[in-house]
């Protein structure tokens, strides 16, 4: 499950952050984990719920432990502790970034967090899609909203056509039958197929034109 969370995640891009900036602060302390080929550095936040779960937080694109500080403090209101690490090769962590090590690191961090918790309940929260920056999410909201408005407009247009915009359409939906001339005007190919299959009779007089719908 943890490996799946990280499989599609993009790595924080702030690699090589000055180690002097990795400092504790009110409500948080520095933590590190010695992984094969890397030192994973992060922060541990004191939670507000004594017997609540421990949250292991993994960032996404353009995120590191510094940019996740506000989010981690927010989550800490409903947890006993929140732990967040920089991926190897990014932020304050050392090593070389690669997917196989990300998966292995995630499992090891989970085991270490669980072993160091008296609650023995760890919740993993990670970003499993690309484009998790604030600007990306804002554009996603705009695009989602525009598509939603277009769908709503199409629904109202369809309702209009089926009621006021096309004479006979509403009666056809209610009764299940239509006048042959109306059907020829709006669904000529279907009428021709029905007549050819013997399921309808062409009652239009020879040489007479069908009366178009108004």
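Derivation of every value follows stated rules applied to the coordinates shown; laboratory data play no part. Computed from a prediction, not measured in an experiment: that's the story for all the values here. Quick reminder, even Gly has a Cβ in these numbers, built from the backbone with ideal geometry, and neighbours come from all protein chains shown.
A viscosity of 1.567 mPa s and a temperature of 4 °C, combined with the Kirkwood radius over C-alpha pairs in the Stokes-Einstein formula, give the range 15-132 a diffusion coefficient of 91 µm²/s.
Once the chain from residue 39 to residue 167 is taken as fully extended at 0.36 nm per residue, the excess over their C-alpha distance is 38.7 nm. Across the range 34-168, Cα pairs under 8 Å and at least six residues apart give a relative contact order of 29 percent. In this calculation the C-beta distance from residue 137 to residue 177 is compared with R0 = 45 Å, giving a FRET efficiency of 0.30. Computed from the Cβ-Cβ distance with R0 of 30 Å, the FRET efficiency linking residue 25 to residue 144 stands at 0.25. Apply the Debye scattering formula to the range 140-196, with a single equal point scatterer on each alpha-carbon and no solvent, then give log10 I(q)/I(0) at q = 0.14, 0.27, 0.28, 0.29 Å⁻¹. The calculated log intensity ratios at q = 0.14, 0.27, 0.28, 0.29 Å⁻¹ are -0.55, -1.04, -1.07, -1.09.
Placing a label point 7 Å from the Cα of residue 96 along the Cα-to-Cβ line, the residues of the range 29-56 whose backbone N sits under 20 Å from it are 34-41. Applying 1/(1 + (r/R0)^6) with R0 = 25 Å to the Cβ-Cβ distance of residue 114 and residue 69 gives a FRET efficiency near 0.60.
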